[in-house]
Amino acid sequence: MLPNLTDVSKLCIGIPKEYLVPELSSEVQSLWFKAANLFESGGAKVIEVSLPHTSYSSVCYQVLCTSEVASNMARFDGLEYGHRCDIDVSTEAMYAATRQEGFNDVVKGRILAGNFFLLKENYENYFIKAQKVRRLIANDFVNVFNSGVDVLLTPTILSEAIPYVEFIKEDNRTRSAQNDIFTQAVNMAGLPAVSVPVALSEQGLPLGLQFIGRAFCDQQLLTIAKWFEKQVQFPVIQLQELIDDHQSFKMKS
Amino acid sequence: MAAPVLRCCCSGRRWAFACIDRGSRHGRGAPTGSWFCGKRGQRSVAQQLLSAAQKLRKGEHEWTAVVGLEIHAQISSNSKLFSGSKVHFAAPPNSLVSFFDASLPGTLPVLNRRCVEAAVMTGLALNCHINKKSLFDRKHYFYADLPAGYQITQQRLPIAVNGSLAYSICTGKKQSQVISKTVRIKQIQLEQDSGKTLHDDFRSQTLIDLNRAGIGLLEVVLEPDMSCGEEAATAVRELQLILQALGTSQAIMADGQLRVDANISVHHPGEPLGVRTEVKNLNSARFLAKAIDYEIQRQIKELENGGEILNETRSFDYKLGCTVPMRDKEGKQDYRFIPEPNLPPLVIYDSASLPANADPQQVINIDRIREQIPELPSVTREKLVQQYGMLPEHSLTLLNEVGLLEFFQNVIKETRAEPKKVTSWVLNTFLGFLKQENLAVSESPVTPSALAELLNLLDRKAISSAAAKQVFEELWRNEGKTPAQIVSEKQLELMQDREALEQLCHAVMEEHPQVVMDMKKGNPRAINKLIGLVRKATLNRADPTAMFHVPPPDAEAEPVEADGRERHTPASPHPDPAPRVLPPRDQQRRP
């Protein structure tokens, strides 16, 4: 069980200025600032911090992610498990047709891009460079935490939760470029982060905020998130009530 | 002017390709056709053609060959490199396959401590620098017996680097000149073995056995410091002995526990290295040497005929005795290496860097492993030379034949015979018989105890050397008799009755006055003839040494002793060489 935090006055909350992007919805933005004020009114120190390499995270992620995808998907060759095509003229032909049939365009695109980045002639210019950029991104966080910040408070995505019909409209790449910007860097830095539902939008859809903690300080992060969750009283759907209602309805009928 | 640069190590046995001169302009006249791809008998023809070609091209450049090796040794461990599956040779197909070995999605590698220790110990024994931090990488290629589509290896930063392997080569007519050589070791890396693919051409299907998939391998990369097949084969044999002594690999080539790929190129001395080819599929030391020598010749011939060498992978066809391009390795492979994201850097320690609170079960201490290194073959050989006054080449043979050293030591333990005599009997007689019938030491019908007993009989002069040979032959037939039984059954005991021997000697001399005269004139053959006659008269039971003690009838000259040394060679038609009339001073013994 996580300890209950009663006093936030000794905490230092960082607000990364690079995360205040033009695309951020006003609803999320005002919620974010409200949350910052909540900590401040609790006695915490809230300061603006800088993660200068944030803007490179998307392109860096494209290289590293697709490279790993290309490698990880190599096992789906139709031999041991999964889909296998009907072609059996040769093992190579079987591989090709199986993978052609089994993967969708997003996966195929990632496999092609990843293998391109890993080619001997491209490895230095793409993969190694992306690893170096990832190190710069990670160091941004190290510097911020070294300056005395305990956790970072950021939006999770640009807007309210996206309905499925909207989600499938865009291709994956555009989608991640748009909406992953706040979660990508933290994952590349290898840090713990948690998204907490805060309020419902005008449309009645959930809005969330994210906390990012120091490496291996997951407990501190979750303790703060738990305190915050208690303060905001997000209107969680009470599943137990629904179940009870359903059962009483069944009994009546 | 054209000094022999490309020298084969055992020029006596193998056909020599020393100083094969360049002759691209005259190359058209050079013999063509597949010299070595045919039957064995064609070799001598090729040799003749070669030497003829050499004479034509005097004064031109010679070729030198450069050979490097990549050796894969299966680590001797209970479980695989990254999974808990058992390692066992010849288990039923696909019976030793964990989810990880079959690369099911979501499975993760867990590094086997034993494999790391084996790599460190092997690295130390091969004088390597041990990297306290090493990394794992994925090497990608699609192959039916590689279920993940990649092999986990150590491409960027291997566990051990910059070592050396010393080996000795016997040269000269009688293979009695021992030359020490060293090959540098570039690196030793830990990696996974692949599964096995079996092609069933009859039913046109491919069968996969994943029992081997994921077994830990040590890839030992030898720098191109060798120049012929014999050198490469000898270096591999030495490595094999070291691995076996360490227990880090059983290293049996026939079982695929030790696999060798060779990189070969030829060039003119002083010029840049030539384009190299890689020869795979080398699963015995003999084929390794043959394949390399064939490939060197093929490249020289190709270049002399104005052709070029392609950077390609070839395999050795042991039936045809030649190398052929591998079809499935055509085209350049790009392995698309990537750091293995599921394995952190491998960090090991020495006593100085070991953290104070480290759990000994969780860390590897290089210094502790160094303490556990057993006696290495080079030291064993050194000891044999010192302890038994053995010749270096004999110590080489004793270790090179599997089980022979143990056999020798067991004989030594049970016999009073001198070590030199034991060495001679084990290396000449015993090994000669084994070789003749193509048997391993473990298959020998003669036990160490039986040989020891036989040598005891010989040592106390109960039988002659010739009789001992006869007893040995009987023992070889393995009819369950002891040497003593054979001696008494066949009446092989030496004549102990000195007076009778004297009488016999005198009688023979009287019967052959001419031979006696010859002897007195100093003809050394004459005394041998007399000895032979006496032995014939006694059915070989007369001791030739004792005969020297027989005073001549006129009893004026002092008797001359024979030197007690004998050489044993099974091939010799006269296994018991005639004693020398005048042995060197230092070998004389006073009664």
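The values are calculated or read from the model by the stated rules, or taken from the named source; none is laboratory data. Everything numeric here is computed off the predicted structure, so don't read it as measured data. FYI the Cβ positions are ideal-geometry reconstructions off the backbone, even for glycines, and counts take in every protein chain you see. With ligands, DNA and RNA removed, areas are computed over all heavy atoms of the protein, side chains included. Shrake-Rupley method; radii C 1.70, N 1.55, O 1.52, S 1.80 Å.
Cα centroids of the stretch B:305-323 and the stretch A:115-177: 50 Å apart. Per the Cα gyration tensor, the stretch A:1-152 maps to an equivalent ellipsoid with semi-axes of 45, 19, 15 Å, ordered largest to smallest. From most to least packed by mean Cβ count within 10 Å, the peptides B:352-358, B:476-482, B:142-148 give B:142-148, B:476-482, B:352-358.
What is the calculated FRET efficiency for B:Asn438 to A:Leu239, with r their C-beta to C-beta distance and R₀ = 56 Å, to the nearest 0.05? Before the final figure, lay out the partial values.
Numbers: r = 79 Å, r/R0 = 1.42.
Efficiency computed from Cβ-Cβ geometry: 0.10.
Between chain B and chain A, the total buried accessible area stands at approximately 1800 Å², from heavy atoms with a 1.4 Å probe. With contacts taken as Cα pairs under 8 Å and at least 6 residues apart, chain A reaches a relative contact order of 23 percent.
Amide H to amide H distances under 5 Å link A:Val49 with A:Ile15, A:Lys17, where only residues 5 or more positions off or on other chains count and H is placed in the peptide plane. In the context of the full set of protein chains, the stretch A:55-136 has a per residue accessible area of 57 Å² (1.4 Å probe). The local environment of A:Lys10, defined by Cβ-Cβ distances under 14 Å, has a net charge of -2 under the rule Lys, Arg +1 and Asp, Glu -1.
Partner shielding of B:146-153 amounts to 4, given as the average count of beta-carbon atoms from other chains within 10 Å of each residue beta-carbon. For the stretch B:421-467, the fraction of 1.4 Å probe accessible surface lying on carbon and sulfur atoms is 47 percent. Across the stretch A:55-136, C-alpha contacts under 8 Å between residues 6 or more apart give a mean separation that, scaled by the residue count, equals a relative contact order of 44 percent. Shape descriptor for the stretch A:55-136: Rg over Rh equals 1.09 (Cα atoms; Rh from the Kirkwood inverse mean 1/r). Inter-label distance, A:Glu166 to B:Thr538: 11.7 nm, where each label sits 7 Å from its Cα along the C-beta direction. With the simple spin-label model, which puts each label point 7 Å out from Cα in the Cβ direction, the B:Val110 to B:Val324 separation comes to 4.6 nm.
Dipole magnitude of the stretch B:104-172 about its Cα centre, charges +1 at Lys/Arg Cβ and -1 at Asp/Glu Cβ only, in debye to the nearest 20? Intermediate values should be presented prior to the final figure.
Values: 7 positive and 3 negative charges, 49 e Å.
Computed charge dipole of the stretch B:104-172: roughly 240 debye.
May I ask you to derive the relative contact order of the stretch B:401-490, considering only C-alpha pairs under 8 Å and at least 6 residues apart, and to give it as an integer percent? Averaging sequence separation for qualifying contacts and normalising by length gives 30 percent for the stretch B:401-490. Averaged per residue, the stretch B:401-490 has 47 square angstrom of accessible surface, using a 1.4 angstrom probe with ligands and nucleic acids left out. Sorted largest first by accessible area at a 1.4 angstrom probe radius, with every protein chain in place, the residues B:Leu504, B:Leu454 fall in the order B:Leu504, B:Leu454. Under 5 Å from the amide H of B:Gln187 lie the amide H atoms of B:Asn162, B:Val221, each residue being 5 or more positions distant or on a separate chain, with H modelled from the backbone and absent for Pro and chain starts. In the stretch B:401-490, inverting the average of 1/r over every pair of distinct C-alpha atoms gives 12.9 Å as the Kirkwood radius. Remark: the stretch A:118-135, residue by residue, has Karplus-estimated 3J(HN,Hα) of 8, 4, 3, 6, 10, 3, 5, 6, 10, 5, 5, 5, 4, 4, 5, 5, 4, 5 Hz, where x stands for each Gly or Pro and the curve is 6.51 cos²θ - 1.76 cosθ + 1.60 at θ = phi - 60°. Using the alpha-carbon centroid of each, what span in Å lies between the stretch B:126-141 and the stretch A:185-249? Their Cα centres are 44 Å away from one another. Give me the percent of Cα-Cα pairs in the stretch A:117-234 that sit more than 22 Å apart, rounded to a whole number. Value for the stretch A:117-234 (Cα pairs over 22 Å): 48 percent. Evaluated at q = 0.14, 0.20 Å⁻¹, the base-10 log of the normalised Debye intensity for the stretch B:128-175, with identical point scatterers placed on the Cα atoms, takes the values -0.59, -0.75.
Which whole number gives the average count of other chain Cβ atoms within 10 Å of the Cβ atoms across peptide A:67-73? The partial results should precede the final answer.
On the way: counts 4, 4, 0, 4, 11, 8, 2.
Partner Cβ neighbours, averaged per residue: 5.
In order along the stretch A:224-235, the phi-based Karplus estimate (6.51 cos²θ - 1.76 cosθ + 1.60, θ = phi - 60°) of 3J(HN,Hα) comes to 5, 4, 5, 4, 5, 4, 5, 5, 7, 6, 4, x Hz; Gly and Pro are listed as x. Close amide H partners of B:Ala542, meaning residues 5 or more places away or on another chain with modelled amide H under 5 Å apart, are B:Met495. For the stretch A:1-128: lysine pairs with Cα atoms under 21 Å, gap of 8 or more or different chains, count? Within the stretch A:1-128, the lysine pair count is 6. Rounded to whole numbers, the Karplus 3J(HN,Hα) couplings from phi for the stretch B:514-528 are 5, 5, 4, 4, 4, 4, 5, 6, x, 6, x, 6, 4, 5, 4 Hz, using 6.51 cos²θ - 1.76 cosθ + 1.60 with θ = phi - 60°, and x at Gly and Pro. The shape of the stretch B:451-495 can be summarised by an equivalent ellipsoid whose semi-axes, obtained from the alpha carbon gyration tensor, come to 15, 11, 9 Å from longest to shortest.
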